[in-house]
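Accompanying notes for the structure given below.
The values are calculated or read from the model by the stated rules, or taken from the named source; none is laboratory data. Just so you know, these numbers come straight off a predicted model, no measurement behind them. Please note: Cβ atoms are built from the backbone with ideal geometry, for glycine as well, and neighbour counts cover all protein chains shown. Each accessible area value is taken on the protein alone, full model and side chains, heavy atoms only, with ligands, DNA and RNA left out. Shrake-Rupley method; radii C 1.70, N 1.55, O 1.52, S 1.80 Å.
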Amino acid sequence: MSANQRVKLNTSVSGGSGSVSGSYEPDFFNERVLLLVMESMNWDVKVLCQTASVCRRLRAMAKRLLWRELCLFRAPRITESLSNGVHSSRMSGGWPALAKLLFFCGGCNSSRNFEMPWPKPGHFVRESRFSKTSGRSFLMKRCRNDLLFVSDPCEHRIGDREDDLGVFRGVFRGFRESMTRACLIARQVALEEDERCPYCGARVWSMTTAGLIPRYAAKRLGSHDGALEYFVCVNGHLHGTCWLAQLSSDEGVNGEDDELEMDGSDETGNSSGEDDPRVRNGFGNGVSNGRFT
């Protein structure tokens, strides 16, 4: 047997299993193995970000499968609603964009309708709550049949300002068929030139410029009238900012909230059945170094 034949024979044997295959494939490229590893870690978002950053092949596997499975595990009810219960369906903007929106505050920069003293960078969030009742506060009356989930604002201190900065985000179901999109097109609202969606990178409409911000949106956020701005991208992702008014303990927005938990699991990952609007996103102690890819 020649040296070339021996090399060819040795490389055709699969490592550790004793089986013969056309090429050697490490276990970490096996989708089932990856799923089991992620399940054992309760679908830690930071770990998945790092896994997807290793190489193109793992990034492709994460894009095709792992981000979807993370959304189903960490945000089962909102994912069920957005996908109409069809888990194999394509998500507008992609599953990685939805995962980033659920677990990442996109930060903000100044826009023509909202002045910032300096940019605020994005960051992972340990807990979030999304509500379709809050979402209805962002819809004009003619668009009330649309389904929109909006998060509570992520609060940031800005220097010595009395008001905190609130950064919020949301997502439409079936945005391409929504009345909100139809209104934007009917009004011939131009897409913004200098603004992009922080979650999928698509172009956006300014709802302030379009005149499609209801007055009760500010009240829902705990903000002053006119002290907010938000955008909706062509894939139906919403991101916005507002100045949060200082409220006393007996002030605020009242009313029942039809909330969707972003994680219906206890520490073991099993469904707990408890209605806890505050949800944990599966991070360890250090969460700021992950990167969505």
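Considering only residues in the stretch 94-113 that are open to solvent by 40 Å² or more (accessible area, probe 1.4 Å) and more than 10 Å from the chain's Cα centre (by Cα), the one that is nearest to Pro214 (Cα to Cα) turns out to be Asn113.
Residues checked against (1) closer than 24 Å to Gly226 by Cβ; (2) touching a residue at least 24 places away in the same chain (Cβ under 8 Å); (3) out of contact with any Pro (no Cβ under 6 Å at 6 or more places or on another chain):
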{"position": "Val150", "(1), (2), (3)": "yes, yes, yes"}
{"position": "Pro153", "(1), (2), (3)": "yes, yes, yes"}
{"position": "Ile158", "(1), (2), (3)": "yes, yes, yes"}
{"position": "Asp163", "(1), (2), (3)": "yes, yes, yes"}
{"position": "Phe168", "(1), (2), (3)": "yes, yes, no"}
{"position": "Val171", "(1), (2), (3)": "no, yes, yes"}
{"position": "Phe175", "(1), (2), (3)": "no, yes, yes"}
{"position": "Ala182", "(1), (2), (3)": "no, no, yes"}
{"position": "Ile185", "(1), (2), (3)": "no, no, yes"}
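All conditions but one from (1) open to solvent by less than 30 Å² (accessible area, probe 1.4 Å); (2) modelled with pLDDT under 50; (3) among the charged types (D, E, K, R) apply to Glu229; the one that does not is (2). Only a single criterion out of (1) hydroxyl-bearing (Ser, Thr, Tyr); (2) open to solvent by less than 20 Å² (accessible area, probe 1.4 Å); (3) in a helix (DSSP H, G or I) is not satisfied by Thr209, namely (2). Given (1) open to solvent by 10 Å² or more (accessible area, probe 1.4 Å); (2) in contact with an Asp or Glu (Cβ under 7 Å, 6 or more places away or on another chain), identify the lone condition not met by Leu139. Here Leu139 meets the rest and fails (1).
Each row is one residue, and each column tells you yes or no for (1) within 28 Å of Leu70 (Cα to Cα); (2) touching a helix residue (DSSP H, G or I) at 6+ places or on another chain (Cβ under 6 Å).
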| residue | (1), (2) |
| --- | --- |
| Gly106 | yes, no |
| Arg112 | no, no |
| Glu115 | no, no |
| Arg136 | yes, no |
| Leu139 | no, no |
| Phe149 | yes, yes |
| Arg196 | yes, no |
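Does the stretch 213-222 include one or more residues that are more than 30 Å from Lys63 (Cα to Cα), open to solvent by 20 Å² or more (accessible area, probe 1.4 Å) and among the β-branched types (Val, Ile, Thr)? The answer is yes, given that some residue of the stretch 213-222 is more than 30 Å from Lys63 (Cα to Cα), open to solvent by 20 Å² or more (accessible area, probe 1.4 Å) and among the β-branched types (Val, Ile, Thr).
Considering only residues in the stretch 148-163 that are modelled with pLDDT of 85 or more and open to solvent by 10 Å² or more (accessible area, probe 1.4 Å), the one that is farthest from the chain's Cα centre (by Cα) turns out to be His156. Taking the criterion of being in a helix (DSSP H, G or I) and out of contact with any Ser or Thr (no Cβ under 6 Å at 6 or more places or on another chain), the residues of the stretch 212-238 that qualify are Arg215, Ala218, Lys219, Leu221. Any residue at all in the stretch 114-123 that's over 27 Å from Asp194 (Cα atoms), open to solvent by 10 Å² or more (accessible area, probe 1.4 Å) and part of a loop (DSSP other than H, G, I, E, B)? No: the stretch 114-123 contains no residue that is over 27 Å from Asp194 (Cα atoms), open to solvent by 10 Å² or more (accessible area, probe 1.4 Å) and part of a loop (DSSP other than H, G, I, E, B).
Residues in the stretch 172-194 that are assigned to a loop (DSSP other than H, G, I, E, B) and touching a strand residue (DSSP E or B) at 6+ places or on another chain (Cβ under 9 Å): Arg173, Ser178, Val189, Ala190, Leu191, Glu192, Glu193, Asp194.
Within the stretch 77-91, which residues are open to solvent by less than 50 Å² (accessible area, probe 1.4 Å) and out of contact with any strand residue (DSSP E or B) (no Cβ under 8 Å at 6 or more places or on another chain)? Within the stretch 77-91, Thr79, Ser83, Gly85, Ser89, Met91 qualify. How many of the residues making up the stretch 135-171 are in contact with a Gly (Cβ under 8 Å, 6 or more places away or on another chain), of a type in the set (Gly, Ala, Ser) and not in a strand (DSSP E or B)? Going through the stretch 135-171 one residue at a time, the tally reaches 1.
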